[in-house]
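Engineer: Take this structure first; my questions come after.
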Amino acid sequence: MTLRVKLFGPQARLAGRREIAVELPGPAPTCAELRDALARAAERLAPSLAASRFAVNQHYVRDDHPLREQDEIALIGMISGG
């Protein structure tokens, strides 16, 4: 299945695009599997992935959340400030 992930801010700059498509096997891959696939598909994103979360259909989800091809998926990088 092909999953499309929206990227924002520094992560979009690292990847050189605002959206990335990733091909994953199986009927319901998880966010953890998507995170691993993103690290392989866009190696420059890899260092930021551990501190990022996924939003699926505008809701934050855990790494064990199953994904469907029609889901709206966004990678949300953690930011810090003071």
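The values are calculated or read from the model by the stated rules, or taken from the named source; none is laboratory data. This one's a predicted model, so the numbers in the text were calculated from it and none came from an experiment. When we count neighbours, we look across all protein chains shown, and the Cβ atoms used for this are built from the backbone with ideal geometry, even at glycine. Note: accessible area is taken over every heavy atom of the protein model, side chains too, but ligands, DNA and RNA are not part of it. Shrake-Rupley method; radii C 1.70, N 1.55, O 1.52, S 1.80 Å.
Engineer: Rank these by accessible area, largest first, 1.4 Å probe: Glu19, Glu43. Write out the running numbers ahead of the final one.
Structural biologist: Numbers: Glu19 80, Glu43 145 Å².
Per-residue accessible area, sorted high to low, gives Glu43, Glu19.
Engineer: I've got another one for you. Amide H neighbours of Glu19 under 5 Å, counting only residues 5+ apart in sequence or on other chains, H built in-plane at 1.01 Å?
Structural biologist: Correct list: Leu7.
Engineer: Using a 1.4 angstrom probe, figure out how much accessible area the chain has per residue, in square angstrom, rounded to the nearest whole. Walk me through the intermediate numbers first.
Structural biologist: Numbers: 5110 Å² over 82 residues.
Averaged over the residues of the chain, the accessible area is 62 Å².
Engineer: Given the convex hull over the Cα atoms of segment 2-75, what projected area results after averaging over all orientations, in nm²?
Structural biologist: Details: hull surface 16.9 nm².
Mean orientational projected area (segment 2-75, Cα hull): 4.2 nm².
Engineer: Among DSSP bridges having both ends in the chain, what percentage is antiparallel? Round to the nearest 5. Can you show the working numbers first?
Structural biologist: Values: 14 of 16 bridges.
The antiparallel fraction comes to roughly 90 percent.
Engineer: Under a 1.4 angstrom probe, counting protein chains only, how are Arg40, Arg35 ranked by accessible area, largest first?
Structural biologist: Details: Arg40 160, Arg35 35 Å².
Result of the area sort, largest leading: Arg40, Arg35.
Engineer: Tell me, what % of the accessible area of the chain is carbon and sulfur with a 1.4 angstrom probe? All intermediate terms of the calculation are to be shown ahead of the outcome.
Structural biologist: Details: 2700 of 5110 Å².
Carbon and sulfur: 53 percent of the exposed surface of the chain.
Engineer: Next question. On a 0 to 90° scale, report how tilted helix 31-41 is relative to the longest principal axis of the chain, with both axes built from alpha carbons and the result rounded to the nearest 10.
Structural biologist: 70
Engineer: Based on the mean of other beta carbon atoms within 10 Å per residue, what is the order of 23-33, 57-67, most packed first? Before the final figure, lay out the partial values.
Structural biologist: On the way: 23-33: 14.0, 57-67: 12.4.
The peptides rank, most packed first, as 23-33, 57-67.
Engineer: Only helical DSSP H runs with n ≥ 4 go in: add -39500 (n - 2.57) per run for the chain, normalise by residue count and round the 222 nm mean residue ellipticity to 500 deg cm²/dmol. Before the final figure, lay out the partial values.
Structural biologist: Numbers: 3 runs with 22 residues, N = 82.
Rounded to the nearest 500, the figure is -7000 deg cm²/dmol.
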